[in-house]
Structures are given as C-alpha cells and as structure tokens.
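S.K.: The structure that follows is given in the form of structure tokens.
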Amino acid sequence: MLGLVFFIKGLRAGRMSIVIPIASTFSIILIVIGVLFLAEAPTSIQYIGIAFAIIGTAIASVDFRQFSISRGVLLPGVGYGILTMLMWGFFYSGIGVLSKSMSWLYPILISTAGSAAILLIFSVIKRRDIALPLHSGRIIIFWVVLGTAALISYGFGADYGNVSLLSPIAASSVLVSVILGIFVLKEKPEPNQLIGIALIISGIIMIAI
Amino acid sequence: METAPLVSILAGLAAMLGYGVSDFLGSILSKREDPIRLNIWYFALSAAILAVVAAIFYDPSQLITKKPLSLSSHLYSACLV
C-alpha cells in the first residue's frame, strides 16, 4: 500500500511521464531477488529479453512532450517514483520469496485485506465519504476482478515458475493499456510508445525462446 | 520447454493482460472518483474475491503450511501490507 501512496504523491508532486516510467522498472528488483535468493538462472537470450521488456515499458510510459519542459534539473516526482519502484519491488519479490515456503495466496490475502483495513480506518478518522460510487459500479467490478485475477496469476506463476521471467512480462502491462487507448479511445500513439511496444513484444518473444 | 519457464511466461502474460485492462479502467475511474474511496473498495472487494478463492481451493490448514512457518515469515507477510 505504501507503493500506492508514494505513487499517488508522486503523480501529484511531479508528472505522470516521470513517475510511471521510473516506477515501472520495479521488475529489476525482482530479477535480482530471483537470481540471488531463489537460485533462478535465465539464459543469455532471456536476459536480453528481460532488458528489452523493462526498457520498452519505461520508454512506452514516457511522455516526451512534458519531459522536455524541465530539462537539466531534477524533475519533480523523481524521488516518489524511486520510492514507488522500491515498494512495488519489495511487495512482488515478497510474494515470490514467501510463495516458496507457504501458499502464494496467504501473503496476497493478508496484504490486500490489510490495505483495505488501513485505508478504511484512515477514511473514518478523516471523516471521508466511503460509500461505493454506484454510478460507476459496473466499471469498478471489472476493474477489481481483472486486477485481482492478474494478482492471482502472478502469485500462481511465482509459486510454480520463475520470478525473474514472470515479473518483466507481468510488469509490461503498459503494452495493453496503450493498445486499448489506441483502439477504444481512438488515441494516436506517440512514436516512443510504438518503439516501447516493439521492444516489449521482442523481449517477451526472447524470454519465451 | 521446461515446465517452470512455460508457467512463468503464461502466468506473466495473463497478469500483463489483467493489469493492463485493470489499469486502463482505473485511469478512467480516477478521473471521476475520489482515489482513496476507490482504493478502499478495490482492496476490500479484492480481499473478498481472494477469500472466496482460498475457501474453494484451499484447506485452511494448508494455506500456510506448505512448510513449517517461522515467525519471520508471518512478520514478512505483515510487512507486505
């Protein structure tokens, strides 16, 4: 949950084009954990594929139109982006490490229920409105079901597979978001997004070889 | 291909698809709703789904006894919150 807090603070303090690319590189931490602590050994081609997927994710997330405004100074939100990367890296590597000694479902269930409880207590103390926004109910249900299904897939993969191969693919979700933006919202893709998508797809193919 | 890399790739692709569509819907929702309120409901409903999955597919005694657990494992789980 701290990762989410830092992420939101980063978006408020800085720019989406800075915070998201930095945060999206959290799978680097998972690969280091997987190789050092879980004795995983990707092949040379898979290492190149992992690098392609991570770099592609970062490139596809950058909005260079905003990036060019503050050239030469430490951009607002960089610190929060790094903290988000570390928190998300810690969270997902924690699932990977714990899944080797217990069911993958246990840490996910504890962290999800705990996050709900902390946010609920915070909202009650701050007297915030916590009613379910019913007019957005259908989208919220889809949002939750798909996000939870993704978390279950990650946990299952961490338990029965290799964290170092799983995490860069799972973290490349920007690929799907950009494609949905193009086809559903009729957004025109930026050149860097197309380059990022090409790198991610190439990376996934190399990991799968 | 060995089983572990194949499972990793298939699970990774499923997670990528789920997170991608979920992030897309989340970005639409965050433009019109309070993010704290949204996240309370996200985590609460997600925990409910996970509890149902646990109840259907796991014997409660097996949920945390894949191997004997140390206190540090429980503390590490708590830290993930």
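S.K.: If you check A:Asp159 against the conditions, is it surrounded by fewer than 23 Cβ atoms within 10 Å (Cβ to Cβ), charged (D, E, K, R) and facing chain B (nearest Cβ under 7 Å)?
M.R.: no
S.K.: Related question: From A:Ile31, A:Ile48, which residue is part of a helix (DSSP H, G or I) and either at pLDDT 80 or above or surrounded by fewer than 19 Cβ atoms within 10 Å (Cβ to Cβ) (or both)?
M.R.: Every option except A:Ile48 fails the conditions.
Yes or no, residue by residue, for (1) assigned to a helix (DSSP H, G or I); (2) of a type in the set (Ser, Thr, Tyr):
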residue: A:Ala150; (1), (2): yes, no
residue: A:Leu165; (1), (2): yes, no
residue: A:Pro168; (1), (2): yes, no
residue: A:Ser177; (1), (2): yes, yes
residue: A:Pro189; (1), (2): no, no
residue: A:Gly196; (1), (2): yes, no
residue: A:Ile201; (1), (2): yes, no
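S.K.: Only one of (1) modelled with pLDDT of 60 or more; (2) part of a loop (DSSP other than H, G, I, E, B); (3) under 27 Å from A:Ser101 (Cβ atoms) is not met by B:Phe43, so which one is it?
M.R.: With respect to (1) modelled with pLDDT of 60 or more; (2) part of a loop (DSSP other than H, G, I, E, B); (3) under 27 Å from A:Ser101 (Cβ atoms), B:Phe43 is out only on (2).
S.K.: If you go through the stretch B:29-38 one residue at a time, how many are more than 7 Å from chain A (Cβ to nearest Cβ) and either in a helix (DSSP H, G or I) or under 18 Å from the mean Cα position of the chain (by Cα) (or both)?
M.R.: Qualifying residue count for the region: 2.
S.K.: Turning to a different aspect of this structure: If we keep just the residues of the stretch A:114-148 that are surrounded by 19 or more Cβ atoms within 10 Å (Cβ to Cβ) and of a type in the set (A, V, I, L, M, F, W, C), which is farthest from the other protein chains (Cβ to nearest Cβ)?
M.R.: Across the stretch A:114-148, the extreme among qualifying residues is A:Ile140.
The values are calculated or read from the model by the stated rules, or taken from the named source; none is laboratory data. Note that the structure is predicted; figures quoted are calculated from it, not measured. Backbone-built Cβ (ideal geometry, glycine too); neighbour counts: all protein chains shown.
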